[in-house]
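The structure under discussion appears below in the form of structure tokens.
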Amino acid sequence: MNTPRLLLPAVLLLAVAAMPAMAQETGKVTLDENGTPVTVTSEESNSIKGGYHINFAKLDRNHDGYISREEAKADPTLEREFDAVDTKHAGRLSKAQLEGWMKKK
């Protein structure tokens, strides 16, 4: 029976055809199927890990013990990640929510 032998080349062909989509470079402008320019970026979604460090006291301008969305605008990275860190969807961030971002003394 030659079914497995015929199936293998078909699977390999499909894998090779998919490679260009997987191998796009970050920041490279390419075209989608409609010819519209698309910039490819590589960013882990909802990621709060990394080398980010904030000064909670400095960002908490009204000293209420939380960083509001407005206060977070002073730190571009925190502003961008605000929704990922605001796990309680309260519109403000506590020290506990920002524990991994706090500057080490």
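The values are calculated or read from the model by the stated rules, or taken from the named source; none is laboratory data. If you're wondering where the values come from, they're calculated on a predicted model, not measured in any experiment.
If you go through region 36-69 and keep only what is under 17 Å from residue 87 (Cα atoms) and modelled with pLDDT of 70 or more, you end up with 65, 66, 67, 68, 69. Quick one: is residue 78 among the aliphatic types (A, V, I, L, M), at pLDDT below 85 and not in a loop (DSSP other than H, G, I, E, B)? No; evaluated as a whole, the condition is false for this residue.
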